[in-house]
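Structure first, commentary second.
The values are calculated or read from the model by the stated rules, or taken from the named source; none is laboratory data. All figures in this text were calculated on a predicted structure; none of them were measured in a lab. Backbone-built Cβ (ideal geometry, glycine too); neighbour counts: all protein chains shown. When the accessible area is computed, the model is the full protein with side chains, heavy atoms only, and any ligands, DNA or RNA have been set aside. Shrake-Rupley method; radii C 1.70, N 1.55, O 1.52, S 1.80 Å.
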Amino acid sequence: MAPGALKAFRRLPAHDRSEVRDALERHLRFEPTKVSKSRIKRLRGLSRPQYRLRISDIRVFYDVTETTVEVLAIIVKAEAQAWLEREGTPDAGSAPGSS
C-alpha cells in the first residue's frame, strides 16, 4: 500500500476501516482485475491508476502487476475526481480521468 493510501486508511473511522479492509480482502486478493458493474472498474484513458474499487462512499484506486496489487489511494467519493486529475497518469493521447 502506498504511504498516502496507508495514512488515509488509518484516518478512516473504525467502521469504514473495517469495511475497506474486508473489501480489499474479498475483491483484490484473488481477482483484482475482475470488472463488475458495481464494484471494480477498469479506468479508461489512464495508465495509472488502472482500477477503481467502490466501497460505499469510498474509492480505492489501485494498479495490478503479474504478482502484486498496489493500492495507490483511498479517497472519499467527493474527492475522487480531483485526485484522478492531480495524480492520474494519462495514456498517451488521453485526458486524465476520462473513463
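Ranking of R10, R39 by solvent-accessible surface, largest first: R10, R39 (1.4 Å probe, protein heavy atoms only, all chains present).
The candidate values are (1) 15, 50, 31, 4, 0; (2) 16, 53, 29, 2, 0; (3) 15, 44, 34, 8, 0; the one derived from this structure for P(r) over Cα pairs in 10 Å bins from 0, in percent carries the label (2). A crude spin-label estimate for the pair R10 and A82, with each label 7 Å from Cα along the Cβ direction, gives 2.3 nm. Surface analysis of the chain yields an accessible area of 63 Å² per residue, using protein heavy atoms and a 1.4 Å probe. Counting only alpha carbon atoms, the long axis of helix 14-23 and the longest principal axis of the chain meet at about 60°.
Qualifying chymotrypsin sites (Phe, Trp or Tyr not before Pro) in region 25-90, where qualification requires a DSSP coil assignment and no more than 11 other C-beta atoms within 10 Å, comprise F30. Within the accessible area of the chain, the carbon and sulfur atoms contribute 49%, probe 1.4 Å, all protein chains present.
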